[in-house]
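Presented below is the structure to which this report refers.
The values are calculated or read from the model by the stated rules, or taken from the named source; none is laboratory data. Note that the structure is a prediction, hence the values are computed from the model and not measured. Here the Cβ positions follow ideal geometry from the backbone for every residue, glycine too, while neighbour counts run over all protein chains shown.
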Amino acid sequence: MPVVIERLSYEYNRGTPAAVTALRDVSVRVERGEWVSIVGHTGSGKSTLAQHMNALLIPQSGRVEIDGTEVRQKAKGLRELRRKVGLVFQYPEQQFFAETAREEIAFAPHNWGLRGQELERRVTDAARSVGLDPALLESNPFSLSGGQQRRVAIASVIAAKPDYLVLDEPTAGLDASGIRELTGLLSDLKKDGLAIVQVTHDLQSALDNSDRLLVMENGVGVAQGGAEDVAGFLLENPVRGLVIPPLVQFAAGLRARGIEIPLTCDLSAIVMKVEERSGMSFKSEPSRAADAASCGLGRCSS
Ligand SMILES: Nc1ncnc2c1ncn2[C@@H]1O[C@H](COP(=O)(O)OP(=O)(O)O)[C@@H](O)[C@H]1O
Ligand SMILES: [Mg+2]
């Protein structure tokens with residue numbers, strides 16, 4: 001069953017002179033096991049939407065339904081809905097409070113009543129599923145690297161065994177290798193059956209990894225669909241703050257010259273089409289690497 005959001009609108013400070021409209025008639029659906037990215041510039045409403053997905057914010061107008069249960073003020077089972085949909089905040093490590101990573105991760109399942117070996121197993125399983133070295137469980141979370149801290153934060157949400165994992169700008173503050181590792185980790189979690197909702201302004205990463213994307217602008221969902229459709233939309237209708245990846249621009253340039261090519265960040269798909277059209281054959285990466293190695297240009301193995 002999915003998370004369904006229908007015509008959701010939300011205003012902060014409603015009914016006061018300081019009212020701000022954060023969402024206007026937004027609809028989106030997240031199926032179990034899917035990866036959906038929410039992209040848009042700062043202030044476009046991404047975090048407000050993410051907080052509705054796990055019932056942290058209650059709809060003022062429109063509907064939010066989590067696996068068939070409508071989210072309403074004072075509805076029974078809000079706690080269970082918040083467990084089903086885990087929310088990882090932007091910079092979650094700023095909210096660390098425990099002395100050790102183990103205690104940090106144990107917090108939610110302990111609150112759910114788990115004790116003893118069962119709790120212990122839940123913590124080690126969560127740590128394993130985010131690739132956290134078990135030796136680091138005894139460390140003070142603040143002494144860990146940025147990437148490790150993010151893993152602890154994600155593990156502490158996963159420890160509640162959610163079905164959907166919503167991450168608000170999960171790559172914020174990480175360097176390139178941290179971003180690559182985190183993206184790999186999210187792909188692995190998806191393979192294990194978890195739905196991933198990633199809020200990001202990194203369009204390249206969203207196009208590379210998502211089954212579907214929702215583009216937000218000024219509180220409105222302006223486009224929704226698969227990577228190719230959304231890339232096509234953004235080429236025609238640029239959205240402030242969303243940078244079209246160079247490879248997509250290149251593919252669009254070839255298209256404009258009559259080469260039927262997918263609007264994709266997938267280099268091998270582009271190369272294949274160019275080969276087809278030109279009759280030329282380009283060597284693949286592995287064979288080029290093999291050539292380099294046989295010429296003595298391979299990587300040193302000291
Ligand atoms: N707690 C709040 N009080 C008042 N306005 C807010 C609050 N949080 C967000 N906003 C406003 O709501 C709009 C959407 O914000 P947000 O959902 O945080 O967007 P994003 O995550 O895309 O940056 C922005 O105009 C923002 O200034
Ligand atoms: Mg935000």
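Residues that are more than 16 Å from ligand 2 (Cβ to nearest atom), surrounded by 22 or more Cβ atoms within 10 Å (Cβ to Cβ), modelled with pLDDT of 95 or more and β-branched (V, I, T): does region 211-219 have at least one?
Pass one, region 211-219, residues more than 16 Å from ligand 2 (Cβ to nearest atom): 211-213.
From the residues that got through so far, the ones that are surrounded by 22 or more Cβ atoms within 10 Å (Cβ to Cβ) too are 213.
Retained after the next criterion (residues that are modelled with pLDDT of 95 or more): 213.
Next, from what is left, pick out any that are β-branched (V, I, T): none.
No, because not a single residue in region 211-219 is more than 16 Å from ligand 2 (Cβ to nearest atom), surrounded by 22 or more Cβ atoms within 10 Å (Cβ to Cβ), modelled with pLDDT of 95 or more and β-branched (V, I, T).
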For G116, which of the numbered conditions (1) at pLDDT 95 or above; (2) within 15 Å of ligand 2 (Cβ to nearest atom) fails to hold? (2)
Pick from region 28-45 the residues that are more than 16 Å from V4 (Cα to Cα) and crowded, with 18+ Cβ neighbours inside 10 Å: which of them is farthest from ligand 2 (Cβ to nearest atom)? V39
Note on region 220-237: residues under 18 Å from the mean Cα position of the chain (by Cα) and either at positive phi or assigned to a loop (DSSP other than H, G, I, E, B) (or both) are G225, G226
For L87: the one exception among (1) more than 16 Å from ligand 1 (Cβ to nearest atom); (2) assigned by TED's automatic domain parsing to the domain that holds T200; (3) within 28 Å of L144 (Cα to Cα): (1)
Give region 125-144 a look and list any residue that's more than 23 Å from the chain's Cα centre (by Cα), surrounded by fewer than 18 Cβ atoms within 10 Å (Cβ to Cβ) and either modelled with pLDDT under 95 or part of a helix (DSSP H, G or I) (or both), or say none. P134, A135, E138, F142, S143
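Condition check: away from ligand 2 (no atom under 14 Å from the Cβ) and outside any strand (DSSP E or B). Does A206 satisfy that?
Working: away from ligand 2 (no atom under 14 Å from the Cβ): yes; outside any strand (DSSP E or B): yes.
Spelling it out, A206 is indeed away from ligand 2 (no atom under 14 Å from the Cβ) and outside any strand (DSSP E or B).
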Log entry, pairs with first residue in region 158-172 being under 14 Å from I196 (Cβ atoms), second being away from ligand 1 (no atom under 16 Å from the Cβ) and acidic (D, E), beta carbons closer than 8 Å, six or more apart or on different chains, reads D163/D67
Checked against (1) farther than 20 Å from R212 by Cα; (2) within 16 Å of ligand 2 (Cβ to nearest atom), V123 satisfies every condition except (2)
Being out of contact with any strand residue (DSSP E or B) (no Cβ under 8 Å at 6 or more places or on another chain) and within 15 Å of G40 (Cβ to Cβ) narrows it down to one of A223, A172, A176, so name that one. A172
Residues located in region 168-219, provided they are of a type in the set (A, V, I, L, M), away from ligand 1 (no atom under 16 Å from the Cβ) and under 13 Å from the mean Cα position of the chain (by Cα): I179, L182, L185, L186, L189, L194, A195, I196, L207
Residue pairs meeting the criteria (Cβ under 8 Å; at least 6 apart or on separate chains; first more than 11 Å from A159 (Cβ to Cβ), in region 94-114; second of a type in the set (V, I, T)): F96/V152; A101/V152
Can you name the residue in region 13-28 that is touching a residue at least 24 places away in the same chain (Cβ under 8 Å) and on the phi < 0 side of the Ramachandran plot and, of all such residues, is farthest from ligand 1 (Cβ to nearest atom)? S27
Conditions (1) at pLDDT 95 or above; (2) away from ligand 1 (no atom under 11 Å from the Cβ): number failed by S47: (2)
